[in-house]
1. Would you check which residues across the range 179-223 are in contact (Cβ under 8 Å) with a residue 40 or more places away in the chain and among the aliphatic types (A, V, I, L, M) and list them?
2. Filter the range 82-92 down to the residues that are among the small types (Gly, Ala, Ser) and either farther than 24 Å from Ser57 by Cα or modelled with pLDDT under 70 (or both) and list them by number.
3. So, in the range 216-230, exactly how many residues are surrounded by 15 or more Cβ atoms within 10 Å (Cβ to Cβ), of a type outside the set (A, V, I, L, M) and modelled with pLDDT under 90?
4. Out of (1) at pLDDT 80 or above; (2) in a loop (DSSP other than H, G, I, E, B); (3) closer than 20 Å to Ala86 by Cα, what's the single condition that is false for Gly125?
5. Among the candidates Gly155, Gly201, which residue alone is surrounded by 12 or more Cβ atoms within 10 Å (Cβ to Cβ), at pLDDT 80 or above and not basic (Lys, Arg)?
6. Tell me, which strands (runs of 3 or more DSSP E) lie completely within the range 142-230 with 3 or more residues that are under 16 Å from Leu31 (Cα atoms)?
7. For the range 52-81, how many residues meet the condition of being modelled with pLDDT under 80, hydroxyl-bearing (Ser, Thr, Tyr) and closer than 16 Å to Tyr213 by Cα?
Amino acid sequence: MSFKSIIIALPFLLAVSASSPSSSTEHNIFLGCTDPLATPIRPLKVNADSVSSCVESCGSSAIKNTFAYWLGGEESSCVCSTVGPAEEYDIAFPRDGESSCDDHEVAVFVTKSGHSFQHQPKRSGRSSSKFKRSLPPIERDTSCPEPLTACNVEGDSSSYQCIDPQFALNSCGGCIHGEFGSTSVASSAVDCSKLEGVAEGGVICSAGRCKAYRCSDGYQLSSANTCVKK
């Protein structure tokens, strides 16, 4: 992921590297790496000397925060919040199975106390990574900037959506209604929000795969980040 001016807004995020093992316990879920600007406004700062102690502190019975944000390096920092990362910032799983986030990235965890949470609203002045563009029927040239893909809009053959199928919640892994301009509408894309057993808001699309982190009543979270019946 590439980010712009990511160290200007949050004074507690000063280091440049974040180690992020898959989880400190089986109850804590590593969501991935994101831009420090995705960290909620006015979080609770805690003293932690490692990613595991950060996650455990945020998930303790005394604090009961759903999300833990860890930035490692020489000047590491840990903050907790009941609010998830800002929606306009992608959450990416480390490439090629690596266990650390890139420089200037924050490791995000859902703690074992994460029974409920809030969405952080989109901040003004930032455009979403997903947008719709209407075109005359004869104009079929698409201009989605990389890494976005031009995808069909259901019920409107003259329009397309520019999405990143690696992170698009409702079209994870591809264009759910087919790629714009293609004669085939077959797709392996998944609408993560409609998966059985997943609680509302309890799933993300990361690296083209749905990853659940909170399940509805009667379901439990599996080690594969899916919700299965108890």
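1. Ile204, Ala207, Leu221
2. The one that is among the small types (Gly, Ala, Ser) and either farther than 24 Å from Ser57 by Cα or modelled with pLDDT under 70 (or both): Ala92.
3. Of the residues in the range 216-230, 1 are surrounded by 15 or more Cβ atoms within 10 Å (Cβ to Cβ), of a type outside the set (A, V, I, L, M) and modelled with pLDDT under 90.
4. Gly125 satisfies every listed condition except (1).
5. Just one listed residue meets the conditions, Gly201.
6. Of the strands (runs of 3 or more DSSP E) lying wholly inside the range 142-230, those with at least 3 residues that are under 16 Å from Leu31 (Cα atoms) span 203-206, 209-212.
7. 1
So that you can scan it fast, the table gives a plain yes or no per residue for (1) within 21 Å of the chain's Cα centre (by Cα); (2) of a type in the set (Val, Ile, Thr):
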| position | (1), (2) |
| --- | --- |
| Ile29 | yes, yes |
| Gly32 | yes, no |
| Arg42 | yes, no |
| Ser52 | yes, no |
| Cys58 | yes, no |
| Phe67 | yes, no |
| Gly73 | no, no |
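The values are calculated or read from the model by the stated rules, or taken from the named source; none is laboratory data. Here the structure is a predicted model, which means the values were calculated and not measured. Neighbour counts are summed over all protein chains in view; Cβ atoms, including those assigned to glycine, are modelled from backbone coordinates with ideal geometry.
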